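Okay, so here's the structure we're looking at.
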Amino acid sequence: MNEIRYIMVGGFLGAGKTTTLARLAQCYMEQGKRVGIVTNDQADDLVDTNLLRSLGFNVGEVAGACFCCNFDELMTTVERLGSRERPDIILAEPVGSCTDLVATVIQPIKKLFDAQFSIAPYAVILKPSHGRRVLRDEPGTGFSPKAAYILKKQIEEADLVLINRADELSSEQIEELRGLIQNHIPERPVLAVSARTGDGFEALQEWLQQDGDFGRRVLDIDYDTYADGEAELGWLNSSIQVSADAEFSLDELLLGIVRRLQESLKEHSAEAAHLKSIGLWEGFFGVANLVSSENEAELSLPSNCQVKTVDVIVNARVACAPELLEKLVRAAVLAETDTRKASAEFRQTQSFRPGRPVPTHRVTEAL
C-alpha cells in the first residue's frame, strides 16, 4: 500500500493558509491525485471548512481544539476522508494561533504511523502585515510580546518560510521581509508566493515533493508564554440567517459586516488577527475578510448574487475580550441588515479565549 503524503501548512491567523491549500489541492487534483483536506479550529462553524467544501473538495474538520491537543481526532478524521477512496495526499491546516507543531503533530505521526505516511517539508506562511511589524520588534504591533512570540516560534520550526501576498508587494518589500526572516532564522529557505494568483506555486510544489529529513525542528518553547499569548486573543464563531422581503446584494452585505467591524475595532484599539464572513445560498457563496488593521477589508470571493435569504458565518480572531468582540460583531451584523430592511437570526455564537494547550503527545527528540 502506498504511503499517504502528509502536507501541513502553518502560519499565523490570516496568513492565507486556506487559499494556499485550496490552490495546492486543485493543482494536485489536476495531476490526477486524490486529495483530502483537514481544517482545524478551536470552535465549530469554521468559515474555512464551509468555503473549501463549497469549492468541491473532500474536507474533514477537527473542531474544539488544535491538532496538537486533539491528535487522535486528527488521525480519525484522516481515516474518515479515506473511507471511500484512499487519498494520495492529505493537506492539513492547523489553527493559526498554534505553534510547536513539529513536536506535537509531525513527529508523533512519524513515530506512530510511519508506515502509512510520508512527511513533506513543513511550510509556514508569514503574513506580511503582522510579520513585518513583529520581526522588526516594533512597538504598537497591535499584539503583546507574548502573542508576537507565537508568530516568531511558528517560523522557527519551519523547513520553508513562505512570504504570501507577493502580488501586493514591491520587490523592495519582499527583500526586506526576506532579510527580517533570515535575521531571525539564518539560512532558512524563503519563497515568495501569491496564493491568490498562483505566483511561486510551481516552485512551492517542487519543494513539497522533496523527500528528506523534514519536520525535525523541535522547538525550545516556553508553554507559559505560548499559553498567555493565545489567551490574549478573543475568538468568535457565529452563524446567522439573514432574511428580507426584497432582494439584496450578498457581497455588499458580507463586505459591509467586515468593514463595520474594522471601524469599531479601531475605536477600541483592538487589533484584528483575522476577520472572515461567508454567505451560503443555494450552492452559491461569497467571502469577505480582513487580515490586519493596516489592510483594507476585501471581497476575496464574490458571489455576484442577489438574495432574499442567506446563511452567514462570521469568524473573528481579535486581540480583545471575547465579550467585547461578541458585542461588536452583533452590532455590525444588525447595522448591515437594518440598512437592507432585513432581519438577522443569530442561531449559534461561540466566543471565548483559547485555553492552555495540552498536547496529546510531545516529542522532545526528533526521529
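The numbers here are math on the coordinates, done by the rules we state, and not lab data. Here the structure is a predicted model, which means the values were calculated and not measured. All Cβ positions, even for glycine, are placed from backbone atoms using ideal geometry, and neighbour counts span all protein chains on display.
Structural remarks
- Computed P(r) (all Cα pairs; region 234-352; 10 Å bins; percent): 15, 51, 29, 4
- Reachable lysines from residue 152, criterion Cα separation under 29 angstrom, eight or more residues apart if same chain: 17, 110, 111, 127, 266, 276
- Taking the longest Cα principal axis of the chain as reference, the axis of helix 17-30 is set at about 70 degrees.
- Alpha-carbon centroid distance for the pair region 195-210 / region 62-116, whole angstrom: 22
- Nearest-0.05 FRET efficiency for residue 324 and residue 187, computed from C-beta distance (R0 30 Å): 0.10
- The label point for residue 137 and the one for residue 356, both projected 7 Å from the Cα toward the Cβ, are 2.9 nm apart.
- You can think of it this way: the chain between residue 364 and residue 247 has 36.4 nm of extra reach, that is 0.36 nm per residue less the Cα-Cα gap.
- Length-normalised contact order of the chain in % [C-alpha pairs under 8 Å, at least 6 apart]: 21
- Length-normalised contact order for region 234-352 - Cα pairs under 8 Å, 6+ apart - percent: 44
- Judged by the gyration tensor of its Cα atoms, with axes a ≥ b ≥ c, region 192-251 is oblate; a/c meets the 1.5 cut and b/c is at least as large as a/b.
- Mean projection area, nm², convex hull over Cα of region 127-278: 12.3
- The simple spin-label model puts a point 7 Å past each Cα toward its Cβ; for residue 144 and residue 83 those points are separated by 4.2 nm.
- Structure-derived Cα extents along the principal axes in Å: which label, when the choices are [x] 76, 54, 38; [y] 68, 46, 42; [z] 60, 50, 40: [z]
- Only helices enter the 222 nm calculation for the chain: every DSSP H run of n ≥ 4 contributes -39,500 (n - 2.57), and dividing by all residues gives -10500 deg cm²/dmol, rounded to 500.
- Potential lengthening of the chain between residue 174 and residue 223 amounts to 14.5 nm, from the contour at 0.36 nm per residue minus the alpha-carbon distance.
- Relative contact order for region 93-171, counting Cα pairs under 8 Å that sit 6 or more residues apart, in percent: 44
- Around residue 171: net Lys/Arg minus Asp/Glu count, Cβ-Cβ under 14 Å: -4
- Nearby aspartates and glutamates by direct alpha-carbon distance to residue 308 (threshold 18 angstrom, same-chain neighbours under 8 apart not counted): 245, 247, 251, 252, 282, 336, 338, 345
- Exposure proxy ranking for 193, 307, based on other Cβ atoms within 10 angstrom of each Cβ and starting from the fewest, stands as 307, 193.
- Modelled spin labels at residue 304 and residue 76, positioned 7 Å past Cα toward Cβ, are 4.2 nm from each other.
- Highest-MSF residue in the chain out of 110, 266, 153 [GNM, Cα springs under 10 Å]: 266
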